[in-house]
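Enquirer: Before we start, here is the structure in question, set down as structure tokens.
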């Protein structure tokens, strides 16, 4: 089975931190469980990322953006087959407005979430 390298951008990393702190304000235990689950969901993209559906709000840049649902959040990403890379572009709460595309921020490998 093909393995993909999963990378994320600094804004996504910051979104994860912000969401963790938001949940932790009410329940540190729930925040830790959320973060652990999110880490597992992101790690799962290293194998068979195409299992996830394309998103409705395609940006028009020729890239097929996909989403992985995790609890009440959407992990928005694309797959670069030629490099075997999954690029995470956004972490969005499902109640947020449609995603309008990435700000072309540089991607990096995620540190420990």
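This table checks each residue for (1) over 23 Å from residue 3 (Cα atoms); (2) in contact with a helix residue (DSSP H, G or I) (Cβ under 7 Å, 6 or more places away or on another chain).
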site	(1), (2)
31	yes, yes
34	yes, yes
39	no, no
47	no, no
57	yes, no
64	no, no
73	yes, no
80	no, no
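Enquirer: Same structure, new question: Suppose we filter segment 67-85 for residues that are at pLDDT 95 or above and part of a loop (DSSP other than H, G, I, E, B); how many remain?
Expert: Qualifying residue count, segment 67-85: 1.
Enquirer: So which residues in segment 49-63 are in contact with a strand residue (DSSP E or B) (Cβ under 6 Å, 6 or more places away or on another chain), surrounded by 13 or more Cβ atoms within 10 Å (Cβ to Cβ) and within 15 Å of residue 75 (Cα to Cα), if there are any at all? Write out each step before concluding.
Expert: Our first condition is that a residue be in contact with a strand residue (DSSP E or B) (Cβ under 6 Å, 6 or more places away or on another chain); within segment 49-63, this holds for 49, 52, 54-55, 63.
Adding the requirement that they be surrounded by 13 or more Cβ atoms within 10 Å (Cβ to Cβ) leaves 49, 52, 55, 63.
Matches in segment 49-63: 49, 52, 55.
Enquirer: How many of the residues making up segment 11-66 are within 17 Å of residue 85 (Cβ to Cβ) and not in a helix (DSSP H, G or I)?
Expert: Total meeting the criteria: 11.
Enquirer: Only one of 46, 31 is surrounded by 12 or more Cβ atoms within 10 Å (Cβ to Cβ) and more than 13 Å from the chain's Cα centre (by Cα); which?
Expert: Working: 46 fails: more than 13 Å from the chain's Cα centre (by Cα).
Going through 46, 31 in turn, just one is surrounded by 12 or more Cβ atoms within 10 Å (Cβ to Cβ) and more than 13 Å from the chain's Cα centre (by Cα): 31.
The values are calculated or read from the model by the stated rules, or taken from the named source; none is laboratory data. The model shown is predicted, which means the values in this text are computed figures rather than measured ones. A quick note on method: Cβ atoms are made from the backbone with ideal geometry, for glycine too, and the neighbour counts reach across all protein chains shown.
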